[in-house]
Amino acid sequence: MLDKRLTKIFYDICIKEILKCKKPGTHFTKDGWLKIMANFEKEACKTYSQRKLKYRWDALRKEWKACRNLNVKILV
């Protein structure tokens, strides 16, 4: 499980890859995942599989959607 520090590192790396257009639609490209894994290992000094990082990405995405929906309901 990724703690808060590792989640922040992972999140920042994902944002950088999105800005480099490694996520053309709703998913990262194969090259994007390889770079995410390599950069994560370099910055966090830990190695995780693509599957584990993808599960974390999916969980973060669900949390973001829940917050977004909550904000929309509050504003309306």
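Add -39500 (n - 2.57) for each DSSP H run of 4 or more in the chain, then divide by its residues: what number comes out at 222 nm, to the nearest 500 deg cm²/dmol? Intermediate results must be reported in sequence, preceding the final value.
Values: 3 runs with 57 residues, N = 76.
Taken over the chain, the calculation gives -25500 deg cm²/dmol.
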Please compute the modelled spin-label separation between Arg51 and Tyr11, points set 7 Å along Cα→Cβ, answer in nm with one decimal.
2.6 nm
Starting from the Cα of Lys16, draw a straight line to each of the lysines and keep only those under 23 Å, dropping any in the same chain fewer than 8 residues away.
Lys4, Lys8, Lys30, Lys35, Lys42, Lys46, Lys52, Lys54, Lys62, Lys65
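Every number here is computed from the coordinates shown, using simple stated rules; none is lab data. Only a predicted model underlies this, so the values are computations on that prediction, with no experimental measurement involved. Every residue, glycine among them, receives a Cβ derived from its backbone with ideal geometry; neighbour counts consider all protein chains shown.
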